[in-house]
Amino acid sequence: MTTYTRKGEVYLPILLRMILVALFWAGLYPIGYITVGMMHPIIVAFYRFLLTALCLVPLLLLRERGSWKIKKREWVPLLLLGLTGIFSYNSFFFIGLQSAGAVKSAVIIASIPMVTSVLARLIYKDLFTPRKIIGILLSFSGVILVVTEGKLLRIFHPTSGDFWLFSAVLVFSVYTLLGKKFMVKMTPLKTTTYATLFGTIMFIPVVLWLGIPVVVEATFMQWSALLYMAFFATVIAFVWWNQGVTELGPGVTSIFLNLVPVFTLLLSLLFGEEIHWTHVTGTILVVCGVRLTTYTSSQKKAIPSQ
């Protein structure tokens, strides 16, 4: 069950785990779409990360016994990561998912690397290679095709779901750039745990303001969906993702992100969602564009992207 290469060893279980990570993240879309149809999007986001925090905090204390405490200079970065990557992104994502559907949401969210590259160019003056420019144009074309359903004039009449999803893309791109800057001296586990914890706390005033009841009345299916999103699509995916970054390198690991919109298409078919030719074509364009855009990635630490 082990395969080897001349330049090092690549273990099949790691590759399988990377495929499963992409599958777990893809499952967020159809399962999340069904869940926000039964529960308010904010409560879905809140309980997903409350359950995630309950898993990550003990894991942090166990693995980083000597360095789990927050240093004075780390408070502001961790609060910013919690605000952008957990609270804002997931609020926008689940609200957009509710009206846009699984496949359309997956394609729009898959454009995050493209938008991140553009922001990195504007903020950090990163260079745009011809490969990156082509990748950005392909990704942009795929997103526009899906959003307009092949009727380009619809770009001037975006739906509310499109607005929230594009907002999610923008805010997660900011989160990624903040993570690139702040994670130099913090481990991914510490960063993600505290960002999750702070982001969850930020949900509490909104939940109370909306008057949303506690989830004691949730059905078995609703609890199962929340546990899936917290345990499989967040905690396990996070741990396995960082193992992949460590053992395979960020360049190889990032390739598996291209499977997320593809798996979302297949899972959405299983869940009975209607698939159009624009979904398939848009997915292909975005996947190819993202691959070109991230081809030269050399980031040593990675932030989970779903």
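Residue check: is I144 in contact with a helix residue (DSSP H, G or I) (Cβ under 9 Å, 6 or more places away or on another chain), among the β-branched types (V, I, T), more than 16 Å from G96 (Cβ to Cβ) and modelled with pLDDT under 80?
no
Can you tell me which residue is nearest to the chain's Cα centre (by Cα) among those in segment 189-205 that are of a type in the set (V, I, T) and open to solvent by 70 Å² or more (accessible area, probe 1.4 Å)?
I201
Among residues belonging to segment 178-188 that are surrounded by 18 or more Cβ atoms within 10 Å (Cβ to Cβ) and under 16 Å from the mean Cα position of the chain (by Cα), point out the one that is nearest to V239 (Cα to Cα).
P188
Looking for something farther than 27 Å from A45 by Cβ and open to solvent by 20 Å² or more (accessible area, probe 1.4 Å) - is there at least one such residue anywhere in segment 105-122?
As a first pass, look at segment 105-122 and keep what is farther than 27 Å from A45 by Cβ: 121-122.
When the remaining residues are screened for being open to solvent by 20 Å² or more (accessible area, probe 1.4 Å), the result is 121-122.
Yes.
List every residue pair whose Cβ atoms sit under 9 Å apart, with the two residues 6 or more apart in sequence or on different chains, where the first one lies in segment 81-99 and is without any contact (Cβ under 8 Å) to a residue 12 or more places away in the chain and the second, anywhere, is open to solvent by 10 Å² or more (accessible area, probe 1.4 Å) and not in a helix (DSSP H, G or I).
Between residues of segment 81-99 that are without any contact (Cβ under 8 Å) to a residue 12 or more places away in the chain and residues that are open to solvent by 10 Å² or more (accessible area, probe 1.4 Å) and not in a helix (DSSP H, G or I), there is no close pair.
Take segment 78-125 and flag every residue that is more than 17 Å from F163 (Cα to Cα) and either hydroxyl-bearing (S, T, Y) or touching a strand residue (DSSP E or B) at 6+ places or on another chain (Cβ under 6 Å) (or both).
T116, S117, Y124
Evaluate segment 36-44: report whether one residue or more is touching a helix residue (DSSP H, G or I) at 6+ places or on another chain (Cβ under 8 Å) and open to solvent by 70 Å² or more (accessible area, probe 1.4 Å). It would help to see each step written out before you state the result.
So the first thing to find is which residues in segment 36-44 are touching a helix residue (DSSP H, G or I) at 6+ places or on another chain (Cβ under 8 Å), and the list is 36-44.
Subsequent filtering for residues that are open to solvent by 70 Å² or more (accessible area, probe 1.4 Å) retains 38, 40.
So far as segment 36-44 goes, yes, one or more of its residues are touching a helix residue (DSSP H, G or I) at 6+ places or on another chain (Cβ under 8 Å) and open to solvent by 70 Å² or more (accessible area, probe 1.4 Å).
Would it be correct to say that L208 is part of a helix (DSSP H, G or I), open to solvent by 30 Å² or more (accessible area, probe 1.4 Å) and at pLDDT below 80?
So L208 fails the test.
Residues checked against (1) open to solvent by less than 10 Å² (accessible area, probe 1.4 Å); (2) closer than 25 Å to G82 by Cα; (3) at pLDDT 75 or above; (4) in contact with a Leu (Cβ under 7 Å, 6 or more places away or on another chain):
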{"residue": "F232", "(1), (2), (3), (4)": "no, yes, yes, no"}
{"residue": "G244", "(1), (2), (3), (4)": "yes, yes, yes, no"}
{"residue": "H276", "(1), (2), (3), (4)": "no, no, yes, no"}
{"residue": "T294", "(1), (2), (3), (4)": "no, yes, no, no"}
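Restricting the search to segment 9-35, which residues are open to solvent by less than 10 Å² (accessible area, probe 1.4 Å) and under 21 Å from L265 (Cβ atoms)?
M18, V21, A22, W25, A26, G27, L28, Y29, P30, G32, T35 - these are the residues of segment 9-35 that are open to solvent by less than 10 Å² (accessible area, probe 1.4 Å) and under 21 Å from L265 (Cβ atoms).
With respect to T281, determine if the residue is β-branched (V, I, T) and within 24 Å of I31 (Cα to Cα).
yes
Taking the options G66, G82, name whichever one is out of contact with any Lys or Arg (no Cβ under 7 Å at 6 or more places or on another chain) and at pLDDT 90 or above.
After applying the criteria, what remains is G82.
Counting only residues that are farther than 25 Å from I275 by Cα and of a type in the set (S, T, N, Q), how many does segment 11-47 have?
The number of residues fulfilling the criteria is 0.
The values are calculated or read from the model by the stated rules, or taken from the named source; none is laboratory data. Fair warning: this is a prediction, and the values are worked out from it, not measured in the lab. Reconstructed Cβ throughout: ideal geometry from the backbone, glycine too, with neighbour counts over all protein chains shown. Keep in mind that these areas ignore ligands, DNA and RNA; they rest on the heavy atoms of the full protein, side chains included. Shrake-Rupley method; radii C 1.70, N 1.55, O 1.52, S 1.80 Å.
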